[in-house]
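**Q** Take this structure first; my questions come after.
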Amino acid sequence: MTRYCGTFEAARLLGLSVGTVQSLVEQGKLEAWKTSGGHRRISVDSITQYLERQGKTLPSGDHEEESLRVLVVDDDLATLQVIQTAIEKWMLPIEVTCLPSAVKALLDIGQIKPHLLLTDLRMPGVDGFDLLRTLSGQPGFSSLVIVAMTALGPEEIEQHGGLPDTAVLAPKPMNLQWLHGFLSAMVAERRLRQRRSAPSEEITSD
């Protein structure tokens, strides 16, 4: 499966500024596409090939560890900015994509393939409840971790049809300290699972 990352992650891997990465994309030196929300997704393979042409390689460890892909959906742009800035500041192996509507999320989620969906429930038009109901019927998202952000009370949530049993409820405004701990735990769990699945090295004697 082709791996993609955002502009900030590409800049980190390349050791370049975000502006330079955007310029490389525009020049066709890096393969990329844009989400309906205007976010660039850059092919990790094209990053590797660009580095090889420069006589370099990806930073140690980046070949093995795939970033945790997080999709944040909220019509409140200020909330999106706060969450995106916080995640990037934490310097965890996370690729975050922020979209301002459930409609845009449904259009792009198949290509983003997030491991974690962080969505507001109350949005104009197609809301978070509609988004979760649509995804619940698709087997490709059966392992998707869901965090529902809302200021609604339990009774109001039930009046809207409730949430999937596996969804985690997070009161708004988002507690960034809680989010940091939640994401750190997900990253740690993925690393542990990866180590367990990695083939063990055989020790041989001469």
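**Q** Residues in the stretch 132-142: is at least one β-branched (Val, Ile, Thr), within 27 Å of SER43 (Cβ to Cβ) and touching a residue at least 24 places away in the same chain (Cβ under 8 Å)? Break it down stepwise before answering.
**A** Going through the stretch 132-142, the residues β-branched (Val, Ile, Thr) turn out to be 134.
Applying the additional criterion that residues be within 27 Å of SER43 (Cβ to Cβ) yields none.
The answer is no; no qualifying residue exists.
**Q** Then there's this: Return the residues of the stretch 166-206 that are in a helix (DSSP H, G or I), at pLDDT 95 or above and surrounded by 15 or more Cβ atoms within 10 Å (Cβ to Cβ); say none if nothing qualifies.
**A** Selection gives LEU176, LEU179, HIS180, PHE182, LEU183, MET186.
**Q** Evaluate the following for LEU106: is it within 15 Å of LEU179 (Cβ to Cβ), modelled with pLDDT of 90 or more and touching a helix residue (DSSP H, G or I) at 6+ places or on another chain (Cβ under 8 Å)?
**A** No; evaluated as a whole, the condition is false for this residue.
**Q** With the condition being under 25 Å from ARG190 (Cα atoms), I'd like the helices (runs of 4 or more DSSP H) fully within the stretch 101-165 carrying at least 1 qualifying residues.
**A** Output list reads 102-112, 128-136.
**Q** Any idea which of THR150, THR134 is touching an Asp or Glu at 6+ places or on another chain (Cβ under 9 Å) and among the hydroxyl-bearing types (Ser, Thr, Tyr)?
**A** Criteria check complete, one pass: THR150.
**Q** If only one of GLN138, GLN111, GLN177 is under 16 Å from the mean Cα position of the chain (by Cα) and among the polar types (S, T, N, Q), which one is it?
**A** Going through GLN138, GLN111, GLN177 in turn, just one is under 16 Å from the mean Cα position of the chain (by Cα) and among the polar types (S, T, N, Q): GLN111.
**Q** Right, PRO124: of a type outside the set (Gly, Ala, Ser), farther than 27 Å from GLN194 by Cα and in contact with an Asp or Glu (Cβ under 7 Å, 6 or more places away or on another chain) or not? Before the answer, list the steps.
**A** Numbers: of a type outside the set (Gly, Ala, Ser): yes; farther than 27 Å from GLN194 by Cα: yes; in contact with an Asp or Glu (Cβ under 7 Å, 6 or more places away or on another chain): yes.
Taking the combined requirement at face value, the residue satisfies it.
**Q** Sticking with this one: Restricting the stretch 9-35 to residues that are in contact (Cβ under 8 Å) with a residue 60 or more places away in the chain and buried (at least 16 other Cβ atoms within 10 Å of the Cβ), which is nearest to MET91 (Cα to Cα)? Let's see the steps before the verdict.
**A** Keep residues of the stretch 9-35 that are in contact (Cβ under 8 Å) with a residue 60 or more places away in the chain, which gives 9, 33, 35.
After this cut, where a residue has to be buried (at least 16 other Cβ atoms within 10 Å of the Cβ) as well, the list is 9, 35.
Details: GLU9: 10, THR35: 23 Å.
Here the answer is GLU9.
The values are calculated or read from the model by the stated rules, or taken from the named source; none is laboratory data. On a predicted model such as this, the values are computed, not experimentally measured, just so you know. Methodologically, a virtual Cβ is constructed for each residue, glycine included, from the backbone with ideal geometry; neighbour enumeration extends over all protein chains shown.
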